[in-house]
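These notes are about the structure you will find just below.
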Amino acid sequence: VEIKLFKIIYDLIADAKERLEKMLQPEIIRTDLGEATVLQIFRKEGAVSIVGGKVIKGKIESNARVSIIRDKIEVATGQIDQLQHNKQIAKEVVEGQEFGIKLKAKSGIEPGDTLQVYRVVEKIRKL
């Protein structure tokens, strides 16, 4: 048990508030970026797959997270390690364009699957 002495009540309140804020779990905010359809699987190496696809809605960004959807059920999640467009490394690919990605996912991916691409931001909560 830590004992602290305060001469000013405002310092006590500020210290208590700061300690309580450190105990709070961060708020996790998911921002959907877009969707894509898997057209072809080029290579699978353990948990890493090289996948070709086409953006059908929104955009896809490098290093974004991915939910793999098959028959309207989420079968796996993963992360985009590398994104390519026209054999060039790209930061993002927009609707209607084809792409290649290096995808880290624990479960298998198949042609015809839908990729829901999103970003996750952790926001520190305040009292």
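The values are calculated or read from the model by the stated rules, or taken from the named source; none is laboratory data. Just so you know, these numbers come straight off a predicted model, no measurement behind them. Glycine gets a Cβ as well: all are built from the backbone with ideal geometry, and neighbour counts include every protein chain shown. Side chains included, ligands, DNA and RNA excluded: accessible areas come from the protein's heavy atoms. Shrake-Rupley method; radii C 1.70, N 1.55, O 1.52, S 1.80 Å.
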Original post:
For the range 71-94, does any single residue satisfy the condition of being of a type in the set (D, E), exposed (fewer than 11 other Cβ atoms within 10 Å of the Cβ) and assigned to a loop (DSSP other than H, G, I, E, B)?
Top reply: yes
Subject >> Condition check for R43: part of a strand (DSSP E or B), more than 21 Å from the chain's Cα centre (by Cα) and either surrounded by fewer than 12 Cβ atoms within 10 Å (Cβ to Cβ) or modelled with pLDDT of 90 or more (or both) >> reply: yes
Original post:
Looking at the range 112-127, which of the residues that are outside any loop (DSSP other than H, G, I, E, B) and closer than 30 Å to E18 by Cβ is least open to solvent (accessible area, probe 1.4 Å)?
Top reply: V120
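Kindly indicate whether A64 is within 21 Å of the chain's Cα centre (by Cα) and either open to solvent by 80 Å² or more (accessible area, probe 1.4 Å) or of a type outside the set (S, T, Y) (or both).
Values: within 21 Å of the chain's Cα centre (by Cα): yes; either open to solvent by 80 Å² or more (accessible area, probe 1.4 Å) or of a type outside the set (S, T, Y) (or both): yes.
Considered against the rule, which asks whether it is within 21 Å of the chain's Cα centre (by Cα) and either open to solvent by 80 Å² or more (accessible area, probe 1.4 Å) or of a type outside the set (S, T, Y) (or both), A64 comes out as yes.
Does I109 satisfy being farther than 11 Å from G53 by Cα, surrounded by 17 or more Cβ atoms within 10 Å (Cβ to Cβ) and over 15 Å from the mean Cα position of the chain (by Cα)? Before you say what the answer is, go through the steps one by one.
On the way: farther than 11 Å from G53 by Cα: yes; surrounded by 17 or more Cβ atoms within 10 Å (Cβ to Cβ): yes; over 15 Å from the mean Cα position of the chain (by Cα): yes.
When the stated conditions are applied, I109 passes them.
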